[in-house]
Every structure is written in C-alpha cells, then in structure tokens.
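Working notes, structure below.
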Amino acid sequence: MKRIGRYSSLLCLLFLSTLAQAAQDKPNIFVIFTDDVGISNLSAYHNGVMSSQTPNIDSIAEKGMLLTDYYAQPSCTAGRSAFLTGQLPVRTGMHTVGLPGGPIGLSVDTPTLPEILKTMGYVTGQFGKNHLGDRDEFLPTMHGFDEYWGWLYHLNAMEYIEDPDWPEDGSLDAFAPRNVIYARSDNKGGQSIEDDGVLNIERMRTLDDEVNKHAIDFIERAVAADKPFFTWYCPSRGHVWTHLSPEYEAMLGQNGWGLQEVVMKDLDDHVGEMLEKIEELGIADNTIIVFTADNGPEIMTWPDGGMTPFHGEKGTTWEGGVRAPALVSWPGKIPAGSVGNGIFDGMDWLPTLIAAAGGPTDLKEKMLKGHDGFKAHLDGYNQVDMLTEKGESNRNEIYYYERDKLQAVRVGDWKAHFIVQNHGWGGAKEELNAPLLFNLRRDPYERAAEESGMYVKWMGQKMWAFGPAQAAVQKHLATFKEWPPVTPDTPVENVGGVGN
C-alpha cells in the first residue's frame, strides 16, 4: 500500500508539473481594443503624412505584423460583439448600438472567446468599455470573464445626467446609464457586482489611468499564479466627447497637434505603460499582443472624431466605416516588421487565438457539430498561417452589414454595393437598382464611381464580377436556415448558438 501511495504521489506530482508546464507553454493574450480610432491616426499607417505620433502602438507592428485589409464593423456594439463571439452581429442580435436599460445584450447561449479560453486553463479579464448590454445577465462576468471593471456604453452616454435639461425629479432614472462597475464571476453561473461610482466629465479626463490600474493588477495576479491570461483592454480613447487632463490639454497646438493628435498621444502613453508592464514581468516573449478598433472613425465629429483615407465613416458600409487599424505581435511566431495584405475580419480573432493557444485549428468546423459544450456557426476563420507563415488569408469574402441589413459584399478584390449611405450614419439609405462595383486593389478609396468619367463603361465591362458576388451572398444566406439572423421581427431571445 505504501508503494502504491508513493507511486500515486509521484504520479500526482508529475501530473501537476505537466499542467504547470502546459500553462507556461500557453501564450498570454493581450488585446488592445480602442474606440473609433481611425487608420490615419496611427503613425505606423500614415508614415508622417499626418502629425500624430504613436511610437508605443507602432512598436507592436515593428515586432510583428501590420494588417492592411482589416475589417471591423460599422458600430461599437457590433464590432465588439463580432470580436468576442466570432459571429456576424446579425446572428447574435448585437448589431444595434445599445442604450441604457435597453433589451440588447449577449444571450447566455452565445459562445464567447473567454468562455472557450477558460476551458483551456486561462484566467480572463476585461477592463474599460463593454457596450454589450447593461443588464446584469449581459455583463462580461456572465459571458466568460473572471472579472470586469468599466463602463457599459459609448462614452458620451455617461454625460447624459450632466446635461442641464436632464430632469432632477427622477422621472428619467430608468434611462440613466449605470455607474462604473467592478464585477467578479463566481465560476458557478453567478457574479458579484460593485458600484464604483459615477463616470462624470471630470473623471473622464483621467479615466484610462483607472483602466490601466485594474488591467495591470489583473495581469500581475495572473503571472503570480502562473496562469495564462486573456486580457481585453478597452480604453476610452478616442470616443467623443474628449475631456483632456491638464497634462494633455497643455499639448494642444504643440508639434502641429490638434485635439485628435493629443488624444492619440494620451492613448499611446497608456498603451506604452501596459507594454512596459508586460516587459517588466518577463512575459513579453510569450504574449500575443493585438491592437485594433471596433469600427471606422467618426469623421462627422472631427476634430474630436478620428480620420481615415477611405471613403465614408463609422455607421456606413463604405470602406471608411469598417476598415480599422490592426497590429499583432507574437515573438518567435510572427515575423517582425511584416505586412499582411490578406483579408482579415475582426471575427477571425476567435478561431485564430484559440488555435494559437493550443486549441483546435478547425474550430470553425467543430463548432457546427458541437465542441466541448459549445455549438455555433462561426463566421470567423483561423488565420494563424497568414500571421505566422506568410500564408494566404483563409478569408476571401466580407459581408458588410449595417445593423441587420446586408448592404455590400467583397469577394477577393471586388466589392459590390447594393445599398449606400451618402450622408453618413444619420443619412438615408439608398437601395440601388444597379449595384456599384469597385476593385479594392485598384480603387481602395472607392472614388471612381463619383470622379471618373469612364466609370460606367468600366463597370459595364466588369459586370461578370457580380456573378461571384451573387453566389457568395446566396451561400451566406443559406446558412440562415439552420442559424437564423436576429432582426426586429424575431423574438428578443437570442439564437446565437449553445454555450456552457
């Protein structure tokens, strides 16, 4: 019996040692998910054409890859949902910007990236903006995050109660934004929620200091516990309305900087602090770092809003509404200083990061039948080969939705518009009798239709390109038979899959 006990002890120690080694082998994942930041706001993209300077953010590209054809979504809620679920927002119902007290939020049945990572031994935390529903059942700690600190709406929504016309009699309390919260999962299907106070204009000036404090604390605890971590870091910059601290307000007018350039300096400094902490903890060589944004920039509020060279802006399905910056580093895996020209969508991060963490490389296929308690139609593709081996993108198509309307499709280099918005997010949608056609390798800024006198002739010669576009749309719509969309005509209950 003693011999058996001794062997059992040795086996137990060996098993625990193997688990510890496995934890060390799994890469940490740190995702910087900014708000309304445009491609032109990063010096890694504009190369001095504009005056903003973002050396800390640029360092991610210097150590890894810059993506040129990266697609987010037209709005905050949609972009964050697409990243977190790997699904088109029309499948999960998360395609409309959520307002305080509204019914829009992630269903308990929608699988998420942190839920899957937790089954692989990760600790998970989100810090900053969420915008995926403000009711208790929608909070991040009910959808795979061990803890969450932050606010639940677009930044300017937090100012509603400071408006001089906001009634003081409590008649609109049901429509008031929730305060900042600090929530923790009990890992048994429940959570604890602490109220961390009002997010007023004065607090906004240094809000990202608080985001950093909580994110750093989480990462330090994960490292001390020898646990691989997934941190979704969602700072406030650069959503309107910007309220600068005195330190950054003093920079206006310096170096050719206006408001947006100072916003980027503020953001870059906070990102720099996070990157420095990762270096200081000695985990940089085993950490995947992603920098991106939720949607295209809001040019209608420039100079507070961001900037892009692409046509259109946030809230539209022109390229300017959905193209976003994307930088990613993974030492020893992604070649330093590389550029990826393949098509990459924000939904691709879920299967890509799961594969990078040692999970199945064919998660997209497995999830259709059910995998480890999860079942869903993933619209994302595993792009590990594209990032690490200079391979081709596994994605050849982009479906451009604005809310629940399919307005355009890209197949390869060719994009067809069925519905256009020529007057921004708030403008009317025009359904076209004849779709507009663009070749995004020859006219990436979608200018020819308005500016070329030869456009009609050219489009007539290229009408064959509508064939592949039509086939792609038909293939996409066929998936709705088993995995239907969530629209205003469907029940509030979400049908985005089956989760743990």
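Things to note:
- In segment 347-380, the residues that are surrounded by fewer than 22 Cβ atoms within 10 Å (Cβ to Cβ) and of a type in the set (S, T, Y): T361
- Candidate set from segment 392-429 (those that are without any contact (Cβ under 8 Å) to a residue 40 or more places away in the chain and surrounded by fewer than 17 Cβ atoms within 10 Å (Cβ to Cβ)); member that is nearest to T479 (Cα to Cα): K405
- Residue satisfying condition, being aliphatic (A, V, I, L, M) and either under 19 Å from P297 (Cα atoms) or in contact with a helix residue (DSSP H, G or I) (Cβ under 6 Å, 6 or more places away or on another chain) (or both), within set L113, L88, L117: L113
- Applying the condition of being under 20 Å from the mean Cα position of the chain (by Cα) and part of a loop (DSSP other than H, G, I, E, B) to segment 381-391 and asking which residue is surrounded by the most Cβ atoms within 10 Å (Cβ to Cβ) yields Q383.
- When every residue of segment 153-168 is checked against the conditions, none turns out to be in contact with a helix residue (DSSP H, G or I) (Cβ under 7 Å, 6 or more places away or on another chain) and in a strand (DSSP E or B).
- T316 vs. criteria in a loop (DSSP other than H, G, I, E, B), assigned by TED's automatic domain parsing to the domain that holds T206 and in contact with a Gly (Cβ under 7 Å, 6 or more places away or on another chain): yes
- Set side by side, the residues P303, P309, P335 differ, and just one is over 21 Å from V31 (Cβ atoms), surrounded by fewer than 19 Cβ atoms within 10 Å (Cβ to Cβ), in contact with a helix residue (DSSP H, G or I) (Cβ under 9 Å, 6 or more places away or on another chain) and at pLDDT 95 or above, which is P309.
- Looking at M94, M120, just one residue is hydrophobic (A, V, I, L, M, F, W, C) and touching a Ser or Thr at 6+ places or on another chain (Cβ under 8 Å), and that residue is M94.
- Matching residues in segment 264-283 - criterion: being free of Cβ contacts under 8 Å to residues at least 60 places away in the same chain and either touching a Lys or Arg at 6+ places or on another chain (Cβ under 9 Å) or crowded, with 21+ Cβ neighbours inside 10 Å (or both): D266
- Qualifying residue in segment 108-124 (condition: surrounded by 24 or more Cβ atoms within 10 Å (Cβ to Cβ), under 24 Å from G306 (Cα atoms) and assigned by TED's automatic domain parsing to the domain that holds D226): no
- Yes/no for K227 being surrounded by 13 or more Cβ atoms within 10 Å (Cβ to Cβ) and touching a Lys or Arg at 6+ places or on another chain (Cβ under 9 Å): yes
- Listed by first and then second residue, the pairs with beta-carbon distance under 9 Å, at least 6 apart or on different chains, first residue in segment 247-258 and surrounded by 11 or more Cβ atoms within 10 Å (Cβ to Cβ), second modelled with pLDDT under 95, are G258/P303.
- G424 being assigned to a loop (DSSP other than H, G, I, E, B) and under 22 Å from T231 (Cβ atoms): no
- Members of segment 151-165 that are loosely packed, with under 13 Cβ neighbours inside 10 Å and over 12 Å from M204 (Cβ atoms): D163, P164, D165
- Restricted to segment 230-246, and to residues there that are of a type in the set (F, W, Y) and surrounded by 18 or more Cβ atoms within 10 Å (Cβ to Cβ), the residue that is nearest to P114 (Cα to Cα) is F230.
- Looking at D173, D169, just one residue is surrounded by fewer than 17 Cβ atoms within 10 Å (Cβ to Cβ) and over 26 Å from V240 (Cα atoms), and that residue is D169.
- Of the helices (runs of 4 or more DSSP H) lying entirely inside segment 433-490, none contains at least 1 residues that are surrounded by 12 or more Cβ atoms within 10 Å (Cβ to Cβ) and outside the structural domain of G412 (by TED's automatic domain parsing).
- Residues of segment 189-202 satisfying the condition of being under 25 Å from the mean Cα position of the chain (by Cα) and either among the hydroxyl-bearing types (S, T, Y) or surrounded by 15 or more Cβ atoms within 10 Å (Cβ to Cβ) (or both): Q191, D196, L199
The values are calculated or read from the model by the stated rules, or taken from the named source; none is laboratory data. Here the structure is a predicted model, which is why all the values come from computation and not from measurement. Cβ coordinates were reconstructed from backbone atoms using ideal geometry, including for glycine residues, and neighbour counts include every protein chain displayed.
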